[in-house]
Amino acid sequence: MDYLRYKIIIEGIVQGVGFRPFIYQLAERFGLSGSVCNDTRGVTIEVEGTAEPLQQFIATISDQKPPLAVIQSVDIQTLPVRGCDSFTILHSAVDESRRAQIAPDTFVCDACLAELFDPTDRRYRYPFINCTNCGPRYTIVTGIPYDRPLTTMVDFPLCINCQAEYDDPASRRFHAQPNACPACGPRLQLVSADGSTLDSVDPVAETIRRLREGQIVAIKGLGGYHLAVDAANQEAVAELRRRKQRDEKPFALMAKNLEAVKELAVVGSDEARLLQGTERPIVLLGKRSGHGLAGNIAPGNRCFGVMLPYTPLHHLLLQNFKSLVMTSANLSDEPIAFEDDDARQRLAEIADAFLSHNRRIHTRVDDSIARVMAGRPLLLRRSRGFVPRGVALPGESCPVLAVGAELKNTICLTRGDRAFLSQHVGDLKNLEVYESFRNTISHMRRLLEVEPQRVAHDLHPDYYSTRYALEESGLPAIAVQHHHAHLASCLAEHGIREPAIGVIFDGIGYGADDHIWGGEFLVGDLKEFQRYGHLRYQPMPGGDLATREPWRMALSYLQSAFGEVPGDLKCFEGIAENELRLVCQAMIKRINTPLTSSCGRLFDAVASIIGLRQVVSFEGQAAMELEMLADPGQSSAYPYRLLYQGGQVICDPSQMIESIAKDHLSGVVGSRIAGRFHLSLAMMIEEVCAQLQQQTGLKQVVLSGGVFQNGLLTEMVVPRLEKTGLTVLTHTLVPPNDGGLALGQAVVAAA
Ligand code: ZN
Ligand code: ZN
Ligand code: FE
């Protein structure tokens with residue numbers, strides 16, 4: 001029989017996911033000899049045998065790969081036969097072309113869970129149990145190749161038993177870098193608010209006791225600390241809100257299991273899949289009446305954000321609760337706390353105790369957030385579980401660094417035909433977030449071993465990310481218009497190079513004409529775009545202040561619609577007389593009153609006019625509450641006008657505003673007005689897109705921008721556009737909000 005020898009190079013997420021033991025066992029099964037090793041491109045196999053088993057071996061690699069592995073390419077070369085008689089696993093080699101990918105952090109697998117609750121197992125109730133199929137990855141990696149010395153597990157020398165597992169190709173823990181046990185691994189520690197260590201108690205049992213009592217406990221997780229309270233305890237939730245300072249954001253929940261989730265929220269099959277997916281994001285789910293939880297967890301919201309336990313420690317804690325509030329441990333705009341000393345300092349006024357441990361988190365990573373909308377999964381925040389997985393690009397390019405927007409910042413690096421979007425960084429105006437932004441750039445450059453050739457940034461000259469690009473990066477810079485980046489990011493994740501229509505609606509983005517855009521109808525591809533239409537420009541009194549005080553936009557819109565503000569509208573009652581007068585004068589004289597076509601600001605105006613909200617405590621709050629209030633069963637829309645100026649369609653919502661104000665004054669309930677407002681926007685989008693389709697002959701339309709986090713609007717728009725014969729592209733891999741912007745910037749710069 002003729003022997004053959006192949007060299008097989010596999011790229012993708014193939015390190016730290018049990019790939020080498022899998023290959024080893026496969027080679028044994030087919031009676032083949034050779035070797036396998038990790039290198040910086042991925043995994044390289046040299047394998048020798050006769051033709052048929054070799055073919056079966058190769059076919060089985062893709063068929064039966066380990067659950068966390070992602071194979072991007074398989075390259076096979078023929079080598080001269082060497083005649084060896086066994087199969088071995090070689091040590092990591094380091095070579096020039098460093099293309100291996102680190103896996104995301106992954107929820108604890110079923111096999112490990114079974115051991116966790118098995119009293120005879122040596123890891124019984126050990127909160128750091130993991131294997132090659134599960135456990136921390138990205139958050140503990142300090143460099144590549146992915147090996148224990150380059151993770152924070154370097155602090156814990158393996159004991160004899162763990163070392164034996166680590167060295168045994170037949171073990172589930174063969175080369176599981178975070179492998180540990182109670183004898184050699186990390187330990188929990190409960191620390192009280194005054195800093196004293198509670199050594200005499202079982203940390204888990206004591207945490208449970210304190211949570212039951214209504215205390216707030218800061219719990220160290222995979223990518224940072226959570227603040228936990230008993231979700232059924234109204235007073236504990238209220239106290240948490242009070243200590244977190246005027247924070248009105250909904251709190252996330254962690255529920256024991258899928259059954260427990262179903263008791264408190266409506267879970268469709270798509271939602272169940274998202275909840276149980278390997279990424280374990282927070283999923284937004286409609287509240288069930290009689291859910292039995294505290295009423296102040298997600299005030300003014302029809303949804304709960306719920307996730308399932310993803311670390312062994314979560315499972316131990318949730319044994320005793322159906323659900324816990326598990327919200328990111330930070331004060332309003334600060335980044336999530338992840339270092340122990342920093343957490344203790346920053347959370348000292350919030351937490352009654354800290355359930356901590358001595359496994360260091362190297363990279364801070366927030367929970368991801370997802371929802372299902374129009375039958376499709378949509379990421380609102382792409383972070384833990386997803387990062388640093390790459391997004392396939394429509395083509396290869398030189399390496400680009402994209403620095404993202406200012407709010408919800410993420411950064412993006414491209415390498416070959418992949419784009420790597422970072423974890424959620426946050427609002428760069430916060431100094432600590434900005435520090436984290438810079439660290440993220442250098443850490444990702446190191447992990448991916450990319451030397452970017454260009455930097456892409458937003459057109460906005462004052463964004464901190466723009467300043468970094470121009471002043472600090474030292475790279476040739478390319479400015480990308482905000483809404484073009486949104487359009488390109490959606491095109492890129494669908495692998496589309498051809499031009500498409502873009503409906504890009506969001507809060508704020510610097511326009512190519514120096515006005516503030518945000519209700520845009522574009523036509524463009526990855527290279528360039530044209531603005532075909534937009535919402536009519538509206539004065540935005542106070543500039544940035546108007547994004548925090550929706551009544552300012554109401555004033556502006558009402559003045560345009562009526563010439564003056566109807567005296568009987570109650571929305572300005574809380575605003576001081578002279579402040580109103582000042583703002584009116586500022587608008588007339590155009591002092592600190594930029595023009596905006598923002599759709600987010602139109603939502604603000606409507607929310608204010610119907611008395612829903614005059615001041616917001618977080619970005620997009622008024623729009624979110626308007627969506628939650630809206631009764632979806634409306635059949636008649638408000639009027640609007642389309643004007644044609646200089647070859648562009650200008651959408652004028654003045655009549656809409658007029659009717660809304662009149663409806664409100666005549667006592668029509670807010671839920672009907674909000675529903676009709678959504679319907680009117682959907683019909684306006686439909687009409688403009690139908691015209692653009694005729695004008696351009698294009699068949700595809702992209703929906704992007706923060707406004708398309710709105711499920712009601714999206715579900716009204718998608719079928720309408722499909723009826724006119726358009727294919728509707730929405731985001732599934734990256735968020736439609738500014739969290740996905742860096743991907744768009746990167747592909748535009750690359751093109
Ligand atoms: Zn496992
Ligand atoms: Zn051990
Ligand atoms: Fe945006």
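Using the alpha-carbon positions of the chain, Rg (one decimal) and Dmax (whole number) come out as 27.4, 96 Å.
Could you calculate the contour length gain from Leu642 to Glu339, that is, 0.36 nm times the residue separation minus the distance between their Cα atoms, to one decimal place in nm? Provide the component values of the computation, followed by the final result.
Values: separation 303, 0.36 × 303 = 109.08 nm, distance 5.38 nm.
Gain in length upon complete extension: 103.7 nm.
Candidates His460, Asn578, Asn358 compared by Cα position along the dipole of the chain: farthest toward the positive end lies Asn578, with charges placed on Cβ. Computed from backbone phi, the HN-Hα couplings of the range 459-467 come to 5, 5, x, 9, 4, 4, 5, 5, 4 Hz, rounded to whole numbers (Karplus: 6.51 cos²θ - 1.76 cosθ + 1.60, θ = phi - 60°; Gly and Pro given as x). What you get for the chain, charging only the Cβ of Lys and Arg (+1) and of Asp and Glu (-1), is a dipole of about 660 debye around the Cα centre. Helical content alone sets the calculated 222 nm signal of the chain at -9500 deg cm²/dmol, taking -39,500 (n - 2.57) per DSSP H segment of four or more residues and averaging over every residue. Taken over the Cα atoms of the range 4-89, the convex hull encloses 80 Å³ per residue.
Going by Cα centres, the range 160-209 and the range 1-61 are how many Å apart? The distance from the Cα centre of the range 160-209 to that of the range 1-61 comes to 34 Å.
Viscosity 0.692 mPa s, temperature 37 °C: give me the Stokes-Einstein translational D for the range 650-751 in µm²/s, with Rh taken as the Kirkwood radius over C-alpha pairs. Estimated diffusion coefficient is 211 µm²/s. Heavy-atom accessible surface of Phe562, to the nearest 10 Å², is about 70 Å², with a 1.4 Å probe and all protein chains retained.
Here the alpha carbons of the range 102-185 define both size measures, Rg and Dmax, at 12.0, 37 Å.
Specify whether the C-alpha gyration tensor of the range 387-452 places it in the rounded, prolate or oblate class, a ≥ b ≥ c being the square roots of the eigenvalues: rounded for a/c under 1.5, otherwise prolate if a/b is larger than b/c and oblate if not. In terms of gyration-tensor shape, prolate. Rounded to the nearest whole Hz, the Karplus-based 3J(HN,Hα) values (6.51 cos²θ - 1.76 cosθ + 1.60, θ = phi - 60°) of the range 3-15 follow the sequence 8, 10, 10, 10, 10, 10, 10, 10, 10, x, 8, 10, 10, with x at glycine and proline.
Residue-wise HN-Hα couplings along the range 64-71, as the Karplus relation 6.51 cos²θ - 1.76 cosθ + 1.60 with θ = phi - 60° gives them from phi, are 10, 4, x, x, 8, 6, 10, 8 Hz; Gly and Pro carry x. Near Thr727, the amide H atoms lying under 5 Å from its own belong to Gln700, Val701; only residues 5 or more places off or on other chains count, and H is placed 1.01 Å from N.
Distances between placed amide hydrogens fall under 5 Å for Phe87 paired with Gly34, all partners being 5 or more residues away or on another chain.
Mind jotting down the distance between the C-alpha centroids of the range 692-735 and the range 239-290, whole Å? So the separation of the two Cα centres works out to 27 Å. Spin-label model, Tyr3/Thr78: points 7 Å from Cα along the beta carbon direction are separated by 1.7 nm. Summing +1 for each Lys or Arg and -1 for each Asp or Glu among the other residues whose beta-carbon sits under 9 angstrom from that of Asp506 gives -2. Kirkwood hydrodynamic radius computed over the range 188-357 comes to 16.0 Å, based on all pairs of distinct alpha carbons. Summary of the geometry: the range 515-565 and the range 324-347, compared by the centres of their Cα atoms, lie 35 Å apart. Counting only DSSP beta bridges whose two residues both lie in the chain, roughly 75 percent are antiparallel.
The values are calculated or read from the model by the stated rules, or taken from the named source; none is laboratory data. None of the values given here were measured: they were computed from a predicted structure. With ideal geometry, Cβ positions are generated from the backbone for all residues, glycine too; neighbour counts draw on all protein chains shown. Protein only, heavy atoms only, side chains kept; ligands, DNA and RNA dropped before computing areas. Shrake-Rupley method; radii C 1.70, N 1.55, O 1.52, S 1.80 Å.
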